[in-house]
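Before any comments, here is the structure.
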Amino acid sequence: MNPPPIADLTDVSFTYEDGTRALDGVSLRIKSGERIGLIGENGAGKSTLCKHLNGLFHPAKGKVLIDGEDVAKSKASHLARTVGYLFQNPDHQIFKSTVYDEVAFGPKNIGLRDNEVADRVERYLELTGLSDLAKSPPLMLSFGLRRMVTIASVLSMEQRLIILDEPTAWLDYGQAVLAKEAIRGRLASGAAMILVTHDLQLVAEMADRVVIMSGGRVVADGDAKKILSDPDILMKYGLDPPPLTKLANELLSEEAASEIFAVADFINAVKKKKWKASK
Amino acid sequence: MSIISIRQVSFRYPKQDAPALSNVSLDIFPGELLALIGGDRAGKTTLCHMLNGLIPNLIRGELAGEIIIDGKPSSSYPQGGISRIVGLSLQDPESQLFTATVEEEVAFGPENLSIPPEEIDRRVTWALEVMGIENLRKKSPSALSGGQKQRLAIASVLSMLPKVIVLDEPLGMLDPRGRRDLIEILSRLAKEKGISVVISESRIDEFIEICDRVAIMHNGSLISSGSPSDAIASSDTLKTYGIEPPRLQILSELMISENLISQKQSFLGERRANEVLKSLIDREKGGVV
């Protein structure tokens, strides 16, 4: 028998107290180890959807299963062993007085032994470049470093599904490189990821499946490269393609343009003169 | 003449060893669009807080040098006095939202300037439309998504129609269309209304081409200030300052090193990239015939 999907949503709807219908009949199945880029305009329902996966919200209608278990019947502490959530705003999740304690909190709470906790904390502080700041109070750090602390905290739990809401926003170049490497490490160990972001270049780098949401519904779901190289579908849902994709679609043949995800791809196409046919 | 003049300013937060800013001098001129770029802890946020008087009037610390805003030292303004001249949207939009509805949030600033109600209403509608959140007018700010909150925080600055608009990392939570719309409107405000716009960012892909001037900060110092093409001439240098180089600039550098285009044809943004590549294609196609 196949293992159950790590997350399975069936016909999920949700309305906020002020009447805003944020999810409208969403069905989505996420297999173990899948890397999903969840994209869509501001207010499309992306964060609301994710908050159903860790039990923060319960659906008004429909069902959410995590690892085969109904979220509505699971305790948050139980779900936290399987699902990790990096919030957009680091200040929504930081509450300990040192960076070390902040990162140790999760592993301690899932019952790891002291030496295992210490191991994890040290490993993830190093991966995120925070080892020297272990004793600092997180709230005295810059916004970018506070985000790095929360990334270390989430990754140190080593859950099987990690939800990352704009993981590289407000990080500078060096921090973003470290964060992406640390996340890739978790993915290589088989964790599934839902990457919520407006940075389509980041989606191209990290995801193999793309889900587009609009008005509380899933409006596209498929192979990441196929969707990301299709300016028409991106534009339709208010998502401007990245500059390189736009340039490729304007100048290169359709076939060549669909293969452009990095600068090196573009250079190769130029060398091979894969230009768009003249009108 | 400059609207804001920062002269040899250094600043250290209480209980911190290292200064947040060291001997920074920078003038901001009417109607210019200035990008303030740099990595984490470069000093961008501290400088933004200085441009609207939060430092030193509200945030205390050890300050040296002069901050002149619209002809007067910033410390000589009464509380709230600078907000008529300089509007600031903070990096974390939630920290500046506090009213019960979206429209009240945007009206709050102009109401404090004793502007007639009809004019306030016009400004609120305009700012909400510009930021694409007119449909959320009656909602509670707390019910908005992260990106919508960011749009609202910026709308609240726009409705003040200040002489200078300072936006500290405004693009982080905006969707791509929101980013493009914001950049377009800021550029129009600068050109048509003579408003100075300062955008602090560590990612510059989308707006570098339309800036009049780019100032690079690193470890509390101002490294350089000049035209976009001069300021960010090398992607390796940008990386050492913690700034992600624009992807099209990397493309340009690689095409030069592969002798596909000449040094003179280097490009930063989409418009110029398009021109250069089209001329390359025309030349090659011409060569075939």
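Every read-out reported here was derived from the displayed coordinates using simple, explicitly stated rules and does not represent laboratory data. These numbers come from a predicted model, not from an experiment. With ideal geometry, Cβ positions are generated from the backbone for all residues, glycine too; neighbour counts draw on all protein chains shown.
Remark: chain A carries a charge dipole of roughly 360 debye about the Cα centre, counting +1 on each Lys and Arg Cβ and -1 on each Asp and Glu Cβ.
Over 18 Å between C-alpha atoms is what I'm after, so list which of A:LYS51/A:LYS236; A:LYS225/A:LYS246; A:LYS226/B:LYS285; B:LYS239/B:LYS278 land there. Over 18 Å apart, Cα to Cα: A:LYS51/A:LYS236; A:LYS226/B:LYS285; B:LYS239/B:LYS278.
Hey, what's the Kirkwood Rh for region B:15-89 if you take every pair of different alpha carbons, in angstrom?
Numbers: mean 1/r = 0.0745 Å⁻¹.
With all distinct Cα pairs of region B:15-89 included, I get 13.4 Å.
Dipole check for region B:1-137: with +1 at the C-beta of Lys and Arg, -1 at the C-beta of Asp and Glu, and the Cα centre as origin, the magnitude is about 660 Debye. The modelled label-to-label distance between A:ASP114 and B:SER221, using points 7 Å beyond Cα along the C-beta direction, is 4.6 nm.
Per residue of peptide B:32-41, the mean number of Cβ atoms on other chains within 10 Å of the residue Cβ is 3.
Only Lys, Arg, Asp and Glu carry charge here, each on its Cβ (+1 for the first two, -1 for the last two); on that basis chain B has a dipole of about 140 debye about its Cα centre. Sorted fewest first by neighbouring Cβ atoms within 10 angstrom, B:ILE223, B:ILE3, A:ILE39 come out as B:ILE223, B:ILE3, A:ILE39. The tail of the calculated P(r) for region A:140-223 beyond 17 Å holds 48 percent of all Cα-Cα pairs. Note on B:ARG122 and B:LYS72: with the Förster distance fixed at 30 Å, the Cβ-Cβ geometry gives a FRET efficiency of about 0.50. For A:PHE95 and A:ALA188, a Förster radius of 35 Å and the Cβ-Cβ distance give a FRET efficiency of 0.70, rounded to the nearest 0.05. Net charge in the neighbourhood of B:ASP70 (other residues with Cβ under 12 Å of its Cβ; Lys, Arg +1, Asp, Glu -1) is +3. Between A:LYS272 and B:ALA233, the simple label model (points 7 Å from Cα in the Cβ direction) yields a spacing of 3.6 nm. Using the Cβ-Cβ distance between A:GLU250 and A:HIS58 with R0 set to 35 Å, the FRET efficiency from 1/(1 + (r/R0)^6) comes to roughly 0.15. Where the centroid of each part is defined by its Cα atoms, how far is region A:157-224 from region B:211-289 in Å? Each part reduced to its Cα centre gives a spacing of 28 Å.
GNM on chain B, alpha-carbon springs under 10 angstrom: the most fluctuating residue among B:LYS15, B:LYS239, B:LYS149 is B:LYS15.
Net charge of the neighbourhood of A:ARG186, taken over other residues with C-beta under 14 Å away and scored Lys/Arg +1, Asp/Glu -1, is +3. Could you work out the pair-distance distribution P(r) of the protein assembly as shown from its alpha-carbon pairs, with 10 angstrom bin width and percents rounded to whole numbers? Spelled out bin by bin, the protein assembly as shown gives 3, 16, 26, 27, 19, 8, 1, 0 percent. Approximating the spin labels as points 7 Å out from Cα along Cα→Cβ, the B:LYS191-to-B:SER2 distance works out to 2.6 nm.
How are the alpha carbon pair distances in region A:219-279 distributed across 5 Å bins from zero to the largest one, expressed in percent? Result returned by the calculation: 4, 20, 30, 23, 15, 7, 2, 0. Note on chain A: GNM, Cα springs under 10 Å; of A:LYS75, A:LYS63, A:LYS51, the largest mean-square fluctuation is that of A:LYS75.
With both partners inside chain A, how many of the DSSP beta bridges are antiparallel, as a percent to the nearest 5?
Given both bridge residues lie in chain A, the antiparallel proportion sits at roughly 55 percent.
Given C-alpha coordinates of region B:246-289, what is the ratio Rg to Rh with the Kirkwood estimate of Rh?
Working: Rg = 10.6 Å, Rh = 10.6 Å.
Value, to two decimals: 1.00.
Alpha carbon centre of region A:233-279 versus region B:72-148: separation in Å? Answer, in whole Å: 40. Bridges between two residues of the protein assembly as shown, per DSSP, are antiparallel at a rate of about 50%.
Two numbers describe the Cα atoms of chain A: Rg and Dmax, which are 20.0, 69 Å.
Of all DSSP bridge pairs formed entirely within chain B, close to 50 percent run antiparallel.
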